[in-house]
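Trainee: Sending over a structure as structure tokens; questions will come in a sec.
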Amino acid sequence: MPSFDEIDDGIFIGNAYSVVGNPHTKESGILEIADIQIVISALTEEEYKYYKIKKINLPNNIQWYRFIIDDDPNENISAYFFRVHKIIKEAISDNKNVMIHCGAGISRSSTLVIAYYIIENGWSVKKAIDYVSYYRPCILPNDGFIKALENLEHRLQN
């Protein structure tokens, strides 16, 4: 079932079905409904195959950024923080809506959006998590991702 939430004007977090729809229930994704022009995917290779997320399954007008990220506490998600921040920042400055998604829209995508707010606004991890979870209460970055966010906050403070 597609699940997504708007965190800020133009910034959405969702699950994989919100992007391509659910083939079992024949529900379509929300890209057209929410006027999404940029999609940031954070999945494993296996998940890309399972959800059938590939460029040809997305509308032609979509800019798609495909990242291989596992929802594993040992995953080096911090390697993507500044790249994703740049994509989101450019989308917002161009008045384009951006969907950041992972499998469930709970851990990887929320971590990337939390990192965006830490970098963009100089927020603490707690403030960024509180902000994002206000709009998407189901977020739950894994322990390794929380540690990566704390390292990011510390790095930016020094």
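Trainee: Residues in the stretch 2-14: is at least one in a loop (DSSP other than H, G, I, E, B), at positive phi and among the small types (Gly, Ala, Ser)?
Mentor: In the first step, residues of the stretch 2-14 are kept if they are in a loop (DSSP other than H, G, I, E, B); the result is 2-3, 9-10.
Imposing the further condition that a residue be at positive phi reduces the set to 10.
Imposing the further condition that a residue be among the small types (Gly, Ala, Ser) reduces the set to 10.
Within the stretch 2-14 (the criterion being in a loop (DSSP other than H, G, I, E, B), at positive phi and among the small types (Gly, Ala, Ser)), the answer is yes, since at least one residue qualifies.
Trainee: Moving to a separate point now. Search the stretch 30-60 for residues being touching a Leu at 6+ places or on another chain (Cβ under 9 Å) and farther than 15 Å from Arg108 by Cα, and hand back the single one that is modelled with the highest pLDDT. Even if it seems obvious, please write down each step before you answer.
Mentor: Keep residues of the stretch 30-60 that are touching a Leu at 6+ places or on another chain (Cβ under 9 Å), which gives 31, 37, 39-40, 42, 50-51, 53, 58-59.
Restricting the remaining residues to those that are farther than 15 Å from Arg108 by Cα gives 31, 37, 50-51, 53, 58-59.
Numbers: Leu31: 83, Gln37: 94, Tyr50: 91, Tyr51: 89, Ile53: 86, Leu58: 79, Pro59: 78.
In this case the residue turns out to be Gln37.
Trainee: A further question on this structure: Hey, any hits in the stretch 96-110 for a residue that's without any contact (Cβ under 8 Å) to a residue 24 or more places away in the chain, touching a Lys or Arg at 6+ places or on another chain (Cβ under 9 Å) and not aromatic (Phe, Trp, Tyr)? Can you show your working first?
Mentor: First, the residues of the stretch 96-110 that are without any contact (Cβ under 8 Å) to a residue 24 or more places away in the chain: none.
The answer is no; no qualifying residue exists.
Yes or no, residue by residue, for (1) over 21 Å from Asn142 (Cα atoms); (2) touching a residue at least 60 places away in the same chain (Cβ under 8 Å); (3) charged (D, E, K, R):
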residue: Ile36; (1), (2), (3): yes, yes, no
residue: Thr44; (1), (2), (3): no, no, no
residue: Tyr48; (1), (2), (3): no, no, no
residue: Leu58; (1), (2), (3): yes, no, no
residue: Tyr65; (1), (2), (3): yes, no, no
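Trainee: Please specify each residue of the stretch 97-126 satisfying the condition of being touching a Phe, Trp or Tyr at 6+ places or on another chain (Cβ under 9 Å), closer than 21 Å to Phe4 by Cα and not aliphatic (A, V, I, L, M).
Mentor: Hits for the stretch 97-126 are Asn97, His101, Gly103, Gly105, Ser107, Arg108, Ser110, Thr111, Tyr116, Tyr117.
The values are calculated or read from the model by the stated rules, or taken from the named source; none is laboratory data. The shown structure was predicted, so the numbers you read here are calculated from the model rather than taken from an experiment. Reconstructed Cβ throughout: ideal geometry from the backbone, glycine too, with neighbour counts over all protein chains shown.
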